[in-house]
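Each remark here refers to the structure printed beneath this line.
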Amino acid sequence: MFTVGEFARIAQVSKRFLRYYDELGLFPPASIDHANGRRYYSAEQLPALNRILVLKDLGFSLDQIKDLAHDQISADHMQQLLRQKKAEIEAHLREETQRIHRIESRLNALNDFDKPLNVVLKPMPSQNVLSTRIVAENFESGLQAIQQIRQHLPTSKRYGLCFCICQDSNISIYDMDLEIGCFIEQTKHAPIKISPQLELQFNQHSASELMATSVVQGPLERILTSYEQIGRWAELNGYRPIGMPREISLQLPQTNDASDLLTEVQFPIEPIK
């Protein structure tokens, strides 16, 4: 048997917590010395305490916890509840992480708005590619798919730079319809299986008479800066964007913060008549 302090240290809870739950009748001590009023807990009570703590973290009220404790909820049911809660928390964290990335992206755009425009205008010939269409959960998962391609097909004379084109005109940051792949010089190529989910097929991108391009270094949150630079340049010089833009991975990230990621945004444009 353990004193309140000893049991609190073993269970990693506070003595105040044990006293409070005892007062509620939710978790009484195993025994009480009526001569001095000291309360004692047993190691056999640890599973019951852990169930209470799990239900508390799952968001159940104290009354609900009392009922569930009284019903002697099974370990299997508890694990199922925990897995559901874990999935909810993970989904919430992903949403909050994406929100942080959006905020960072807009902050970068605001900070870079008054900088000199870094836009180059060039023609783009038709290009042979190995590519596939995927639905990416977000930008990060799309970049991971590109990294898979790059690891399977290292840059060489045979396989060139990787690219990404968002095929959905209703721009979204979730469930993105992307064409990803790499440029090749061959005029034909057999399909390549990158993974069970990724298989590259031979395709050809049509030529573009004029392509406004801008290069940005840094994580994905900085790419918005290139789009805004191209938009401002086009307005100042009498052009308008047409077609779907593409993002070319000049250098995939080698650092954890992706500060060395080098991306060229290419946007087909035409003069305003």
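Every read-out reported here was derived from the displayed coordinates using simple, explicitly stated rules and does not represent laboratory data. Keep in mind it's a predicted model, so treat the numbers as computed, not measured. In this analysis, Cβ positions are derived from the backbone assuming ideal geometry, glycine residues included, and neighbour counts consider all displayed protein chains.
What to note about this one:
- So Ile10, is it in a strand (DSSP E or B) and either exposed (fewer than 13 other Cβ atoms within 10 Å of the Cβ) or not aromatic (Phe, Trp, Tyr) (or both): no
- The one condition in (1) surrounded by 12 or more Cβ atoms within 10 Å (Cβ to Cβ); (2) closer than 21 Å to Glu270 by Cα that Thr155 fails to fulfil: (2)
- Residues in segment 204-215 include at least one that is out of contact with any Ser or Thr (no Cβ under 6 Å at 6 or more places or on another chain), surrounded by 14 or more Cβ atoms within 10 Å (Cβ to Cβ) and either among the small types (Gly, Ala, Ser) or assigned to a helix (DSSP H, G or I) (or both).
- When residues of segment 158-193 are limited to those that are among the aromatic types (Phe, Trp, Tyr) and crowded, with 18+ Cβ neighbours inside 10 Å, the one nearest to the chain's Cα centre (by Cα): Phe163
- Residues of segment 243-267 that are in contact with a Pro (Cβ under 7 Å, 6 or more places away or on another chain), under 19 Å from Asp177 (Cβ atoms) and surrounded by fewer than 19 Cβ atoms within 10 Å (Cβ to Cβ): Gly243 alone.
- Scanning segment 120-144 for residues that are among the polar types (S, T, N, Q) and either surrounded by 19 or more Cβ atoms within 10 Å (Cβ to Cβ) or under 27 Å from Asn256 (Cα atoms) (or both) gives Ser131, Thr132, Asn138, Ser141, Gln144.
- Residue in segment 14-26 that is farther than 24 Å from Phe2 by Cβ and either in contact with a Gly (Cβ under 6 Å, 6 or more places away or on another chain) or among the charged types (D, E, K, R) (or both) present: no
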